[in-house]
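A short worksheet on the structure shown next.
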Amino acid sequence: MGILDFITGEFIDVIHWTDDTDDTLVWRFEREGHEIKYGAKLTVREGQAAVLIHEGQLADVFTPGLYMLETNNMPILTTLQHWDHGFESPFKSEVYFVNTTRFQDLKWGTKNPVIVRDPEFGPLRIRAYGTYEVKVSDPALFLTEIVGTDGEFTMDEISYAIRNIIVSRFSAAVAASGIPILDMAANTFDLGKLLATRIAPEVAEFGLELPKLYIENISMPPAVEAALDKRTSIGIVGDLNSYTQYAAAEAMSDAAKNPSGGMGAGLGMGMGIAMAASGPWGPRPTVAASVAPQMPPPPPPVERVWHIADQGKTTGPFSKAHLGRMAADGSLQRGTYVWSVGLDGWQTAGDINELAQLFTIAPPPLPKG
């Protein structure tokens, strides 16, 4: 080996990139003065592409493989400037490595509600979010259109722009799909494919592609969701007449458990049934005609009960019939203090009209002897 061969071997460049990050798209091979020697070895691994920039002009793109940077295998570079000075190259070049693998599980979502026109509900404000994948499909175009001279370009620098594109095309994709809002949950996969198809030409202008785009959720405002819940409840109820009878029976049961509020509950239920049979501009003859004949009677009034105060102790509650028997056997007198719901305080039985009758109808004392 001659001395010239030895020196040449010592100065041969080895150009390669091993990525130890998970978000780097483009990395520039750093060489002092950007000098690349004649015969340098360029290693491009799977999932990479190398772009050679010579004196500010894109010279060539290398796919995975091992290359010797010589004029006989670099015709494009040869047309720019002859490489005829051996390993003492008088010009400067740069090598940019581009990551061509897929970047997965990237998030997107609508920051503000998107207005769409639903065939059933009309205009709606909806939100959506999901994930997408992106990869570089044209390294040269991506480098010239997006990266420029950035020595280390990460996914974060382009993800915001891609999210904006997805959101801006989302409403158009939903409108074009013709899928009702209630059926979107079952068609999110197809809707995601439609959205990716609409976005593909736009991101292709940057040298990118979106292999996958997923819509994980589409939601509506809380008020609309509450209205849908009510509509679902009505659908579950089914027969309105049977449900009305069931509700009336439940109301009667609740009234029996709450004597003081039973009458109000029955009255409220009756008013609710009446309101259900009428609209905001008057009665609905068709609905009322079908419901009125089968409307159940109102619940019976709840009997009033009484408490008795005797020698500092209270007893009860007693029904009116029970007080009548007590009046008959003398254990209840006109001067006995009683109380029931609705009274301001304890009052004598003789001062209450409802109980005073018990003493007027009581039989006279048995005759003597």
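Quick note: the coordinates plus some simple rules give every number you see, no bench work behind them. What you are looking at is a predicted structure, and each value in this text was computed from that prediction instead of being measured. When we count neighbours, we look across all protein chains shown, and the Cβ atoms used for this are built from the backbone with ideal geometry, even at glycine.
Residue order for Tyr214, Tyr160, fewest other beta carbons within 10 angstrom first, comes to Tyr160, Tyr214. Taking amide H as placed 1.01 Å from N in the peptide plane, Leu332 has its amide H under 5 Å from the amide H of Ala327, each at least 5 places away in sequence or on another chain. Exposure proxy for Thr315, Thr43: other Cβ atoms within 10 Å of each Cβ, ordered fewest to most, give Thr315, Thr43.
Add +1 for every Lys or Arg and -1 for every Asp or Glu among the other residues with Cβ under 10 Å from the Cβ of Glu55, and state the total.
In short, 0.
A Förster radius of 51 Å combined with the Cβ-Cβ distance from Thr232 to Ala309 puts the calculated FRET efficiency at roughly 0.40. Restricting the GluC sites (Glu not before Pro) of region 167-210 to loop positions (DSSP other than H, G, I, E, B) with no more than 11 neighbouring Cβ atoms within 10 Å leaves Glu205. Grouping the Cα pair distances of region 306-360 into 10 Å bins from zero gives a pair-distance distribution of 25, 65, 10 percent in increasing distance order.
Work out how much length Thr154 to Asn217 would gain on full extension: take 0.36 nm times their residue separation and subtract the Cα-Cα distance, in nm to one decimal.
Result for the pair: 19.9 nm of gain on full extension.
Each of Trp306, Phe318, Val341 was scored by the projection of its Cα onto the charge dipole of region 306-360, and the greatest displacement toward the positive side belongs to Phe318; charges sit on the C-beta of Lys, Arg, Asp and Glu. Among the trypsin sites (Lys or Arg not before Pro) found in region 109-185, those both in a DSSP coil and sparsely packed, with 14 or fewer other Cβ atoms within 10 Å of their Cβ, are Lys111.
Here the 3J(HN,Hα) profile of region 338-348, calculated from phi with Karplus coefficients 6.51, -1.76 and 1.60 at θ = phi - 60°, is 10, 8, 8, 4, x, 8, 6, x, 6, 9, 6 Hz, Gly and Pro shown as x.
The 3J(HN,Hα) values that the Karplus relation (6.51, -1.76, 1.60; θ = phi - 60°) gives for region 119-129 are, in residue order, x, 9, 9, x, x, 9, 9, 10, 10, 8, 8 Hz. Gly and Pro appear as x. Taking amide H atoms as placed 1.01 Å from N in the peptide plane, the amide H of Arg102 has no partner under 5 Å among residues 5 or more positions away or on other chains.
Pop the C-beta distance of Lys320 and Glu120 into the FRET formula with R0 = 51 Å and round what comes out to the nearest 0.05.
For Lys320 and Glu120, the calculated efficiency is 0.30.
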